[in-house]
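Values in this text are rule-based calculations from the coordinates and carry no lab data. Remember, predicted model here, so these are calculated numbers, not experimental data. Counting neighbours? That spans all protein chains shown, and the Cβs are built from the backbone with ideal geometry, glycine included.
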Amino acid sequence: MDKQLKRTDSSSGQGLLWLFGAILVIQGFGSAITEAGWDTSFGVAGLLRAAHMPEWTTLLVGVAGLALLGTAARRHHARRRAHRQA
């Protein structure tokens, strides 16, 4: 029973890594592209401009999203290897 609860908790945490990573990538890089192409801020870029942050901070948000997606992918592949060996 404990193994099942532990697996459920880790899988929901894994799902959150994928979700937050995707959101940050879309908001970060999407905001930067929109701002560069159309001089319009939305989402994260709009909030960062209101806080008087430099323009490159939207790219930093996108990079943070890539880091979360990389972590999620690494954990996913490690879990698959562990199940194959078991």
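Among the residues in region 31-51, are any part of a helix (DSSP H, G or I), surrounded by fewer than 16 Cβ atoms within 10 Å (Cβ to Cβ), of a type in the set (Val, Ile, Thr) and over 16 Å from the mean Cα position of the chain (by Cα)?
yes
Check region 55-78 and report whether any residue there is loosely packed, with under 12 Cβ neighbours inside 10 Å and in contact with a helix residue (DSSP H, G or I) (Cβ under 7 Å, 6 or more places away or on another chain).
no
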